Amino acid sequence: MRPILFEIPLPEWMPWDALPVRGYGAMLALGFLLAILMAAWRARRESENPDHMYNMGMLALVGGILGARVMDVMAHSADYPGWTRGLNVFEGLHWTYAAIGLAVGAVLSLVELLPGSQGRGRQRWIAAGAWGAVAALVAGRAGFILAARYAAEAKGLTGALLPYHGFVEAMKITSGGLTVMGGLLLATAMVVPYILWMRYRWGVNPLKICDIVAPSLALGLAFGRMGCLLNGCCFGAPSDLPWCHTWPAHSIPYGHYLAQGFKVMPPIHPAQVYAIVNALLLLAVLHLAGRWKRRHGVLLGAFFGLYGLSRFLLEMIRAGEPTTSLGGLTVWQVTSLAIAAAAGVYLLILPKLPMSDLLWNPPLRNGPSATKKPRP
């Protein structure tokens, strides 16, 4: 356990003495970087443009962080009362902030710094408008919330009495945790539209791209669990097996079991290590299976199916997770079963999809070839 790896000294004129580099965040960043590099390497082997992987990586980064935080907040919603109110853009926007967001989003798209902005002609302006609208909503809502809180502070209100307190606390990653499954699901959801757009714009086979990315998902999971091990979260249940261990005072597991009535810290399963091994095994299976696959898209289904089943089993030896009324299953066990079931349905219908054929070629559109590569 090492929540803080090291600290970076800061100049005396800054309000902080040092900047802590947290183990969890460092592992997430390293895992994300290696996952993108691995996807780009696999894309080159499959004669696909690796630039697609970098564009998808930007979307996955945003979706991964948001999804991981939002699902953790949803699982512990009692700690963040009224947090959904901050998402209601119809309640009000700060139009100055919205205008700034619109301009920044559009400019970043026009200079091709955002995913999907590498088009030409009308497509380029559509992408600029879409990114500008998204940035305007985010910035406008953020400005509205900040203005409301500043006005309340001027009246002497503090802490939980400030408006949107639950939402602000929910957005603070440092005030709570991240859920790997939530990050995985939202990152996937944000990448799918880009993959479909790749199919339309360049004639890329979406299922082939999904198979290229699938092993990278397992690699990212492995580093995410390494972060959990350093942080002390996602810990196991008590056990007397010889490889079980205790945690030091002031750690997350130590505090949990003392709150449960234990006078001393009991030996517990190294659940994070189990999860790391599981993710690395998934990585090896998916990477090797790609050599013998008979259809595009099968690796993606195999990843979600195997991950859903293995996560369901790993939850049995974890502690401190919220439960449901469904036979005492945890929230993540129910979610894991849903993911595994969806993967099973997907694999059943996969043979009926023309794009799953290894010999499938995209139909050419009028004008330039659909297989044209994006500009680096």
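General observations
- For Gly82, the requirement of being surrounded by 14 or more Cβ atoms within 10 Å (Cβ to Cβ) and either under 24 Å from Leu280 (Cβ atoms) or at pLDDT below 90 (or both) is not met.
- Restricting the range 237-269 to residues that are small (Gly, Ala, Ser) and part of a loop (DSSP other than H, G, I, E, B), the residue that is nearest to Gly23 (Cα to Cα): Ser251
This table checks each residue for (1) outside the structural domain of Leu28 (by TED's automatic domain parsing); (2) farther than 22 Å from Asn55 by Cα; (3) in contact (Cβ under 8 Å) with a residue 12 or more places away in the chain.
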| position | (1), (2), (3) |
| --- | --- |
| Met171 | yes, yes, yes |
| Met181 | yes, no, yes |
| Leu184 | yes, no, yes |
| Trp197 | yes, no, yes |
| Pro215 | no, no, yes |
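- Contact annotation: residue pairs with Cβ atoms under 7 Å, 6 or more positions apart or on different chains, pairing a residue in the range 87-114 that is under 23 Å from Phe167 (Cβ atoms) with a partner that is at pLDDT 90 or above and among the basic types (Lys, Arg), are Val89/Arg141; Leu93/Arg141.
A quick yes/no check of all residues on (1) surrounded by fewer than 18 Cβ atoms within 10 Å (Cβ to Cβ); (2) assigned to a helix (DSSP H, G or I):
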| residue | (1), (2) |
| --- | --- |
| Arg120 | yes, no |
| Ala133 | yes, yes |
| Leu146 | yes, yes |
| Ala152 | yes, yes |
| Leu178 | no, no |
| Leu185 | no, yes |
| Pro193 | yes, yes |
| Leu219 | no, yes |
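- Residue in the range 223-236 that is basic (Lys, Arg), in a helix (DSSP H, G or I) and at negative phi present: yes
- Residue check, Thr335 closer than 27 Å to Ile212 by Cα and among the β-branched types (Val, Ile, Thr): yes
- Scanning the range 76-84 turns up one or more residues that are under 14 Å from Tyr164 (Cα atoms), of a type in the set (Phe, Trp, Tyr) and in a helix (DSSP H, G or I).
- Those residues of the range 259-278 which are within 18 Å of Pro3 (Cβ to Cβ) and either surrounded by fewer than 19 Cβ atoms within 10 Å (Cβ to Cβ) or among the acidic types (Asp, Glu) (or both), in sequence order: Val273
- Candidate set from the range 317-340 (those that are of a type in the set (A, V, I, L, M, F, W, C) and in contact (Cβ under 8 Å) with a residue 24 or more places away in the chain); member that is surrounded by the fewest Cβ atoms within 10 Å (Cβ to Cβ): Ala338
- Selection count where residues are in a loop (DSSP other than H, G, I, E, B) and out of contact with any helix residue (DSSP H, G or I) (no Cβ under 8 Å at 6 or more places or on another chain), scope the range 14-51: 5
- Scanning the range 14-65 for residues that are surrounded by fewer than 17 Cβ atoms within 10 Å (Cβ to Cβ) and small (Gly, Ala, Ser), we see that the one that is farthest from Met198 (Cα to Cα) is Ala18.
- Comparison of Thr158, Thr188 shows that the only residue that is outside the structural domain of Ala279 (by TED's automatic domain parsing), among the β-branched types (Val, Ile, Thr) and under 27 Å from Arg22 (Cα atoms) is Thr188.
- Yes/no for Ala75 being within 30 Å of Asn231 (Cβ to Cβ) and either crowded, with 17+ Cβ neighbours inside 10 Å or not assigned by TED's automatic domain parsing to the domain that holds Leu230 (or both): yes
The values are calculated or read from the model by the stated rules, or taken from the named source; none is laboratory data. Fair warning: this is a prediction, and the values are worked out from it, not measured in the lab. So basically every Cβ, Gly included, is an ideal-geometry build from the backbone, and we count neighbours across all protein chains shown.
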